[in-house]
Each structure stands twice: as structure tokens, then as C-alpha cells.
Amino acid sequence: MKYLEDIGSYFLMLRRTFSGFTKGDVLRELIFKEIDDLVMSSLGIVSFIGFFVGGVITLQTALNLTDPIIPKELVAFATRQSIILEFAPTFISIIMAGKVGSFITSSIGSMRVTEQIDALEVMGINSLNYLVFPKVIALLTYPFLIAIAMFLGIFGGLIAGVYGGFVSLDEFIRGLQEDFIPFHLVYAFVKTYVFAFILATVPAWHGYYMKGGALEVGKASTKSFVWTSVLIIFANYIITQLLLS
Amino acid sequence: MIAIDNLKMQFGSEEILKGISTVFEQGKTNLIIGQSGSGKSVMLKCLIGLLKPVAGSISYHNKPTNEMNLVQQRILREEIGMLFQGGALFDSMTIEENIMFPLRMFSEQSRPKMISRVNEVLNRVNLDGVNNKFPGEISGGMQKRVSIARAIVNNPKYLFCDEPNSGLDPKTATVIDNLIQKITHENDITTIVVTHDMNSVMEIGERINFLKNGILVWKGTQEEIFKTNNQDVTDFVYSSNLFKKIRDVQNKNI
């Protein structure tokens, strides 16, 4: 019963988020600030993880394909497919649920605890539109991060594969181009947009409706990470089923 | 003037406000006092629209809020200034941005005009030169004054203060109390202060409403509260040794 109530309040939150709009110039400023806080500030960690996990995928694939009849190009092919289809959109989104999601929950939760949200409401401002809408819009630029993760993941794989002596540069490039299906990129970015929406709204719900004090802000952040991850994994399954099967 | 009639509020089956009726006068500091858990803050939240009462009506200048359309409600909210217990300043904004916030939201003034108004209200609360500091960089008393500045920057008709003295030393508390009263008189606004601090009652209690267990058990003026025979009120007023001693000295003098 509690879950049904929570689902209901999540959708009511969405309705209020997309109504009673804040003044245009204020909103524009908030959106740019959120792009900086949520997307640009994640560039470093996403690049680092993308590059090294790409390298590890190549190493693991190369080390496990020991049969001489298997062409070396398969290493690059497997790296490309793993990174574009799952690693960049899904794995990075789970990491972002920890980084960005916790940030959203704790910042909105702290505002709830310190009555800043009440202050907004008393002033006649739709606090949900003011706080959540800019995050949703800012995360429309989230695919930019995922594209960087894809590029650096493949680049990391190339460095690890070629300089590790597992595959030549030519073989790696040929493997990357082999059986490339452009729709896979469409699929990856469609799910990235869905994950971005989950990343912006689920942690916001946990922060906005939390009750209690500082300790509860921490608990809400943890819960928000768990639920955001669960929903991302679940949405990943549904989208994959719908678009690829 | 704000009038409430038979105001009732409950959470689940627990009744918090049990049919309260009273009037808060314009140009006066109207106090709502009572022990913790008496329903003061819930009543304040009902008055400012953060909670929806289960029954009764709240009228601002004879206009019931439940008969107002959305536009009228929005206009009313722009006429309300609120001082929260913890200040509720936006900690990611500077003092200047905090005070300018209502102006940015509801007026079309140019930035220099807004800054000039911010400086004016900062001067009004005796806080010059803190424009570029963040709330975390100033003391609790200063935060309260900034919060008052933010509440009055839009020239509100109604000022609500929730425990304005909590966490402050007696001297700073008196400064805040006097500031609230001065602003009330100068701008002829309807001010409602929720407190359980008897010093505030002594300083600014022009009209006092005493709540106990969600019932308005007494209302009167500052002079009357020390003369009443209402047992609930006297228990509350003379619960501190200081006031007991003052009463004893007065009785001896008589």
C-alpha cells in the first residue's frame, strides 16, 4: 500500500514540476547552474572510468580469446559493442545515480530540513518547478557525457589492446568498423534520455518528501541511490526488450 | 487584519487545533503563545497556507482564503513576509541574493534598483556591509535579521514570525523583538509572532493568544496577562523562577 502511495506521489510531483512555472530569467539561470553542477562536474569521473573500464574490457576479451582461429578483430568488436550498448549508458548511469542522485537528494533534503522549501512555498513559488524542473532540463545534456564515455571507453580499449600487444592498430580499427549497426547508437541514446529523466526525478522525490533531520537526509540519499539504480536497471531491460528484440 | 473562525486541524485521528476563532489586528504585534505541542506552529502553518485546515475559515481583510481563486491566492502570498525559526535563508546564495530573491521573483525592477532596495532593508535591520557574505559566514542573530530583511523587502502587508528568538542570547533576542515591533508599527502591517518566550511577551506582546492542547484558552493584552486568574495562563507565565520572583516582589510591595 505504501508503495502505491509513493508511486502516486511521484506522479503528482511530476505534474507539479511541469506546471506553475518560475520566472523565465530565473529559470534560465538555474538551468545553467544545474548543467554545471550535475553534468560538467561529472566530466572528470566519467572520463576516468570510461577510459579505464574500456581498457579492462579489451584486456579481458583479449585474454579470454586465446584460440588462434578467432580473428583478433573480435577484441575491438566486443569492446565496441559492450561499451556502446551497455557500459556507457547503463554502467555510467548507475555511477551517476550515486554521484548526481545523492547530490540531488541531499541538497533538496537539506532544503526541506532547514525550511527553505517552506520559504519558497510561502513566497508563492512552486518549489517543485523551481527545484526539479531545471534539473530535468539540465540532464537533457546528459547524453553528451555518455558520448564522451563511449569515445574514451573505445579509446582506452585501443590503447590497452595495441600497447598491450594483444592486437595491432589495423586489426583494432577493422574490428571497430565490423558489422556496425547505427541503430545501436539510437538505442543507446534513447535509453540514456530515459535514465537522465530517472536520475533527475527519483532522487528529487526522495529529497523533497523526506521527513526528519540531518540523519534522515543521509538515509534518504542511500535509499535514493538504491531506487534510482533499480529503476535504471528495470528501464534498461524494458527498453532493450522493446528496441532490440 | 486576519480573522480565523472555528479553525480545526488534525493529523490522522489526532486533533491538533480544536476550533479556534480569533482576530489578528493590523498595525499590532499579535502573539500566539503556549507550551510546546500546543498547536502554535500548526496554526501558523495553516495561516500561511503550508497546511490545509480540515475545517474553519481564514480571512485576510475579510476575504476568506478558501473563496480566493488562484490569482488572488498568488497575490496574497506576495503580500506575506515570513521569518522562519531557523531563518530558512538559501545557503547557496549570498545575503544580497537572498534578500533580492523575492524582488527578482515578483518585480520587474532593474538590478541597480533591486540592489538599492536590498541595501535599504539591510540598513533597516542594522546590517550594513554583509551583502557578499553567505549565510554560513554570519552569526545566528545576523541570520535572523537577514531573514527579517528578506521578509520585508517586498513591503508585505502581513508578517509571520515563527519562534524568532529561538537559539539567540537574551540581548540579541530583544533586538530582534524590538525590530519586529518597530517594523510592524512603521509599516502598519499585521504581524503574528509564534513564541513560548515570556521575554517576547514582555517586549512586544500587544495582543496575545494563549493556546493549550489546540484550544484558545485565553486572549488579551500584555498588561492583562499578568493580572489574569486563568490557571493555564498563570501556570505558563510563572513557570520560570524569574517571573515567580518578580511576582513575589510585586506582592510584597503591595
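Data table
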read-out: Solvent exposure, largest accessible area first (probe 1.4 Å, DNA, RNA and ligands not counted), of A:Thr222, B:Thr172; value: A:Thr222, B:Thr172
read-out: Kirkwood estimate for the stretch A:29-244, i.e. one over the average of 1/r between Cα atoms, Å; value: 18.5
read-out: Taking N as its residue count, the alpha carbon Rg of the stretch A:37-99 over 2.2 N^0.38 Å; value: 1.33
read-out: Threshold 40 Å² - residues in the stretch A:1-35 whose accessible area is reduced by that much or more when the chain is no longer isolated, probe 1.4 Å; value: A:Lys23, A:Val26
read-out: Under-5 Å amide H pairs with B:Phe160, H placed in peptide plane, nonlocal only; value: B:Gly81, B:Met82, B:Leu83, B:Ile192
read-out: Spin-label pair A:Phe11/B:Glu25, simplified geometry with 7 Å Cα→Cβ offset, distance in nm; value: 5.2
read-out: Debye equation applied to the C-alpha atoms of the stretch B:81-225, log10 I(q)/I(0) at 0.10 Å⁻¹; value: -0.35
read-out: Inter-chain shielding of A:110-117 (mean C-beta neighbours from other protein chains, 10 Å cut-off); value: 4
read-out: Fraction of antiparallel bridges per DSSP, chain B only, in percent to nearest 5; value: 50
read-out: Solvent exposure ordering (accessible area, 1.4 Å, most first) of A:Tyr142, A:Tyr193, A:Tyr163; value: A:Tyr163, A:Tyr193, A:Tyr142
read-out: Above-threshold pairs, the threshold being 31 Å between Cα atoms, out of B:Lys40/B:Lys244; A:Lys211/B:Lys144; B:Lys52/B:Lys245; B:Lys171/B:Lys252; value: B:Lys52/B:Lys245
read-out: Estimated Rh, the stretch A:110-161: Kirkwood, alpha-carbon pairs, angstrom; value: 14.0
read-out: Accessible area expressed per residue, the protein assembly as shown, with surrounding protein chains retained (probe 1.4 Å, Å²); value: 47
read-out: Average projection area in nm² (convex hull over Cα atoms of the protein assembly as shown, one quarter of hull surface); value: 29.9
read-out: Accessible surface buried upon A-B contact (total; probe 1.4 Å; Å², nearest 100); value: 1800
read-out: Interface residues in the stretch B:65-92 - accessible area drops by 50 Å² or more relative to the isolated chain, probe 1.4 Å; value: B:Arg77, B:Phe84, B:Phe90
read-out: Heavy-atom accessible surface of chain A: percent carbon and sulfur, 1.4 Å; value: 72
read-out: Tensor-based shape of chain B (alpha-carbon gyration tensor, a/c under 1.5 rounded, otherwise prolate or oblate); value: oblate
read-out: Within the accessible area of chain B (1.4 Å probe), percent carbon and sulfur; value: 47
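The values are calculated or read from the model by the stated rules, or taken from the named source; none is laboratory data. Just so it is clear, the structure is predicted and the values come from calculations on it, not from any experiment. Note: ideal-geometry Cβ built from the backbone for every residue, glycine included; neighbour counts use all protein chains shown. Accessible surface is based on the protein model in full, side chains and every heavy atom, while ligands, DNA and RNA are left aside. Shrake-Rupley method; radii C 1.70, N 1.55, O 1.52, S 1.80 Å.
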